[in-house]
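Remarks on the structure that follows.
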Amino acid sequence: MMTKSFKASALKSAVVLATLAVTLAPSAAFASSLHVTPSVHAFFGDKVKTIHFNVRNSSGAPIELKAGDQVMTVAAGQTMELKLPNGTRVINNVKTDKREAGAVICEVSSALNDSTVVLN
């Protein structure tokens, strides 16, 4: 026969065990080696933003620029429209009297969007 105190003790133990199980289950899930946190790119895609801006050559001579693998020449007094990925560096490709070869003209960022870079 079960006594009243034994029933109360068994019930109390069951409640404590259930409470511990509910409390520790989320911790065990986070401690699991199988838990993988999804990256932000998985939600929004791995799309690189393209920035649209202009480069104007206000000097008296043509300027040869390099953006990534693309080489372009901006004629004297002309404006060239560029659409480049964010983070691309535009560099001076050939040494001139004002710039060294390899000098960074600008690094493409959202601050350049719809603006004009003027080269003197």
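List of remarks:
- A simple spin-label model places the labels of Asn54 and Val15 7.8 nm from each other, with each point 7 Å out along Cα-to-Cβ.
- Solvent-accessible ranking of Met72, Met80, largest area first, probe 1.4 Å: Met80, Met72
- Total formal charge among the other residues, if their Cβ is under 12 angstrom from that of Leu84, Lys/Arg +1 and Asp/Glu -1: +1
- Note on the stretch 49-89: with charges restricted to the Cβ of Lys and Arg (+1) and Asp and Glu (-1), its dipole about the Cα centre is near 160 debye.
- Residues whose amide H comes within less than 5 Å of that of Cys106, counting only those at least five positions distant or on another chain, are Val90 (H built at 1.01 Å from N in the peptide plane).
- Per residue, the stretch 50-118 exposes an accessible area of 57 Å² to a 1.4 Å probe, with every protein chain left in place.
- Phi to ³J(HN,Hα) by Karplus 6.51 cos²θ - 1.76 cosθ + 1.60 over the stretch 70-79, Hz, x for Gly, Pro: 8, 10, 9, 10, 9, 5, 4, x, 9, 10
- Neighbour cut-off at most 15 other Cβ (10 Å), DSSP loop, trypsin sites (Lys or Arg not before Pro), the stretch 70-120: Lys95, Lys98
- A simple rule links phi to the HN-Hα coupling: the Karplus curve 6.51 cos²θ - 1.76 cosθ + 1.60 with θ = phi - 60°, which for the stretch 4-12 gives 5, 5, 5, 5, 5, 5, 5, 5, 5 Hz, with x for Gly and Pro.
The values are calculated or read from the model by the stated rules, or taken from the named source; none is laboratory data. This structure is a prediction, so every number in the text was calculated from the model and none was measured. Virtual Cβ from ideal backbone geometry, glycine too; neighbours counted across all protein chains shown. Quick note on the areas: whole protein, heavy atoms, side chains included, nothing else; ligands and nucleic acids left out. Shrake-Rupley method; radii C 1.70, N 1.55, O 1.52, S 1.80 Å.
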